[in-house]
1. Lysines within cross-link reach of Lys387: Cα-Cα under 17 Å, excluding same-chain residues under 8 positions apart?
2. May I ask for the distance between the Cα centers of segment 230-289 and segment 71-113, given as a whole number of Å?
3. Any chance you could run the full-extension gain for Ser66 through Glu418? It's 0.36 nm times the residue separation minus the Cα-Cα distance, nm to one decimal.
4. Evaluate the distance, in nm, between pseudo-label points positioned 7 Å from the Cα of Phe102 and of Arg44 along their respective Cα→Cβ axes.
5. Over segment 438-517, average the accessible area per residue using a 1.4 Å probe and give it in Å², no decimals.
6. Have a look at segment 164-270 and give its Rg and Dmax from the Cα atoms, expressed in angstrom.
7. Could you order His412, His126 by accessible surface area, starting with the largest, using a probe radius of 1.4 Å?
8. Suppose we keep just the DSSP beta bridges with both residues in the chain; what percent of those would be antiparallel, to 5?
Amino acid sequence: MHLCRALALLGALVLLLTSSACAQGGSGGPSGPSASPDAQERERERERERERLAEEKADQVLADMSTDDKIGQLLVLTAQGTTAQDSAGLIERYRPGGLIYFPESLTGAEQIARMSNGLQRAAADHGAGVPLFLGVDQEQGMVSRVPVGTRFSDAMAVGATRDPGQAATLARVTAEELTALGINLDYAPDADVNSNPANPVIGIRSFGSDPGLVADLAAAEAEAFSDAGVVPVVKHFPGHGDTAVDSHTGLPVVDKTREEWEREDLPPFRRAVESGVDAVMTAHVVLPALDDSGEPATLSPRVVQDVLRDDLGYDGIVTTDALNMEGVRQTHDDGEVAVRAVLAGVDQLLMPPDPQAAVDALRAAVEDGRISRDRLDDSVRRILKVKAERGLFDAEPVDAQAAADALGTDDHRAAAAELADRSVTLLRNEGGALPLAEGATVSVTGSGAEEIGAELERLGFTVTADPAGADLAVVGTLNARGDAGQAALVESAAATGTPVAVVAQGNPYDIAELPGADAYLAVYSAVDPARAAAARAIAGEVAPSGRLPVDIPGTDLEFGDGLEY
């Protein structure tokens, strides 16, 4: 294609992307609920045109790529060091489709933004010059890799609000801050339905145990991420919510029928596919009802190709979960894992532990026809299309000096506080232990004691370390099931005769094992806003309005429960 034709296509794509961003800026815009049929049809036509131009751009770039350029697009490698120069060798050698950031490479807003700019410049100078997906695990809550910016509560706190608007706000704020840092992809939201209280790896990362609720909130987050300019990655297909094994350390088996899976785990992913989400991440789990070969879903053509692509009709990017996890390294070497993932229908390989082994194995598989060139092109075309649709080919460098000002603004912090306040769920309040009376003395121990105590002092209460001399003993817990030390804190406080209020900052299931608590507040997160919200609820400044987003075995507490005062 001639250069002038390519530039014309690119300019048209930029114009359409800009008009789309303006049209989608609020719920009252052309695509909002109040849009007229004519406006809706015009927006659909614009969307079709954007897609057509993105496909043309992808085909144009693909035509000029070598086999090694194409293989490189399948790789998402871990960024090295704290400068772009530290990863320059990776980019020159592999021409990867993306890099993923972890905390050890992130020290501050300006540093992250400068590194992002430098990495994109390096990508433009090598191979076919394709821009990078610069991604991060920024689910919020316990999975937050970026050390600066606004911290929101975990997904289960969003589930307790029952409000898709809260999910959208979390994603919008997160995306605005990531964009200021030059990060254009987020491995979020988590669409797993946490139906197993013993799940060691999902828990409060899930919106809850109800498939419909999870579908609503995951869809709201994914849409808000996309509208704010960040590629969302819905994870972990076909579902990691009903496991008792962490796929980082082993290979979980989900033992349920196809009908049970379709009813319990599939709805959030079906919704994501129907909404046209950019990317879906696979899980390193075995689901015999879908594939009885013993292969994890990441390496299973029956799961990825037959179910996700053919049955559900998904044609976006499919990415693996991290390939350095033990759940996918049980029976094949690292090169063979890469090949089998592509053969299964995957497009991007996240964090292959030995990138050279992956490249060598993929190149050999292409050369000997095990992976057809058409199959390779299909994956690369999907990747390039999303990069074109999301404006990566024409993206300007971010303003590194201004990055810090875009993070943690008053509005953003207020949004995080509002979510935390609305998530507080009162599950027990015997004898009216809560709220505190004006002028009361309270002891605070356990997880989050410093933050909870400081907020109570700010609200005018006297905070002491001795439960025996207090009107109320607050004990913070963080996933206390099976933790004798945390249970002992509650028991020792109760033994003084002082009423005890537990603030559960992790899974709410702890209540089944803490009978000594007179009151029990679940905030579903250990971030500062959640701890401050717990203090405000204890003080009566916030009326608990959250509703339990999971069932709690061993109690009479069910999905939807929650007390008020």
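1. Cα-Cα hits under 17 Å: Lys57, Lys70.
2. With segment 230-289 and segment 71-113 each reduced to a Cα centre, they are spaced 28 Å.
3. 121.7 nm
4. Spacing of the two 7 Å Cα→Cβ label points: 4.6 nm.
5. I get 40 Å² per residue for this part.
6. For segment 164-270, the Cα-based Rg and Dmax read 14.3, 45 Å.
7. Highest to lowest solvent-accessible surface, that is His126, His412.
8. Looking only at bridges with both residues in the chain, the antiparallel portion is about 15 percent.
The values are calculated or read from the model by the stated rules, or taken from the named source; none is laboratory data. The structure presented is a predicted model; accordingly, all values stated were derived computationally and were not measured. As a convention, Cβ positions derive from the backbone with ideal geometry for all residues, glycine included, and neighbour counts pool all protein chains shown. SASA here: full protein model, heavy atoms, side chains in, ligands and nucleic acids out. Shrake-Rupley method; radii C 1.70, N 1.55, O 1.52, S 1.80 Å.
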